[in-house]
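All of the numbers you see were taken from the coordinates with simple rules; none came from a lab. Just so you know, these numbers come straight off a predicted model, no measurement behind them. Cβ: placed from backbone, ideal geometry, glycine included. Neighbour counts: every protein chain shown.
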Amino acid sequence: MSRRGKSTFRRMNALVLGLVTVAAGAVVPLVVVGGASTADAALRKRVDTDYTLLRRAPRSYVIGTAYRDWTVDVHGEQDAGYRWARVHGDLNSCLWIYSGALSGDAAQADSCGAAATMPVEQFTNGQIGGSDTDGASVATVAGANCATWDGSHIRGYGNVRPWEVPSAPSAPVDGQVAVGQTVQWRYVSRDGQWVMVRDPRAGDTEGVGQQGWYFIPRDCLPAQLPS
């Protein structure tokens with residue numbers, strides 16, 4: 001990837017949150033932004049960065065992570081730099097992925113159908129923190145199910161399938177957040193077991209090195225979450 005491409009990638013992927021925060025309990029219809037699928041509408045690509053964040057819509061909430069060399073079948077045209085795609089790896093789900101993190105162009109049959117936005121209530125339990133640009137700051141705690149990877153730093157996960165009940169954690173992240181340190185929390189998964197957070201210590205490393213957005217157990221945060 002060129003220097004200019006990397007810079008664009010960091011800027012685009014830094015826009016982690018939705019343009020509009022949806023109030024808890026609001027009914028959000030499934031938004032279709034593409035046409036009907038065709039037999040050979042997809043291209044098979046692979047992730048060629050350390051990781052790339054997956055979203056419910058272009059430039060919207062992060063709902064997972066794809067990692068280097070994962071296979072991705074993209075469909076349709078770009079939308080704000082993102083592609084509707086079937087993400088393989090440990091997900092095998094149709095989500096939005098940043099186009100600049102992908103390479104390859106082998107023809108592949110369409111397996112996702114029309115592009116869509118995942119409703120907020122489909123992947124959260126209604127608890128949403130922060131603003132359109134970041135999560136809300138909160139100190140971590142040593143709850144019953146808050147595991148660490150080295151005795152002090154919280155074990156996170158790149159994926160938990162927050163839209164499923166029960167959720168299914170995968171892709172462990174050995175984060176830099178020690179118990180007692182703060183994170184920026186964004187939302188609680190639909191089953192109430194996980195929280196999407198941003199680790200301020202990760203810095204501006206979108207796509208390279210330690211990822212800053214990932215899931216941690218709900219028990220790693222206090223019972224009352226600040227808004």
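Here are the numbers for this structure:
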quantity: Under 14 Å, Cβ to Cβ, from Trp163 - net charge with Lys/Arg +1 and Asp/Glu -1; calculated: +1
quantity: Gain upon complete extension [Ala107, Gln78; 0.36 nm per residue less C-alpha separation]; calculated: 8.8 nm
quantity: Filtered chymotrypsin sites (Phe, Trp or Tyr not before Pro), region 88-151: DSSP coil and at most 16 other beta carbons within 10 Å; calculated: Trp149
quantity: Extension gain, His153 back to Ser227 (0.36 nm per residue minus Cα-Cα distance, nm); calculated: 24.2 nm
quantity: Förster radius 25 Å - calculated FRET efficiency between Asp48 and Ser170 (Cβ-Cβ, nearest 0.05); calculated: 0.75
quantity: Ranked packing of 44-50, 130-136, 141-147, most packed first, by mean Cβ within 10 Å; calculated: 44-50, 130-136, 141-147
quantity: Residue-by-residue Karplus 3J(HN,Hα) for region 141-153, coefficients 6.51, -1.76, 1.60, Hz, glycine and proline x; calculated: 9, 8, x, 4, 10, 9, 8, 10, 9, 9, x, 9, 9
quantity: Percentage relative contact order, region 30-118, counting C-alpha pairs under 8 Å, at least six apart; calculated: 42
quantity: Three-way shape call for region 30-118 based on the alpha-carbon gyration tensor, with the a/c threshold at 1.5; calculated: oblate
quantity: Whole-Å distance, taken between Cα centres, linking region 79-114 and region 146-176; calculated: 24
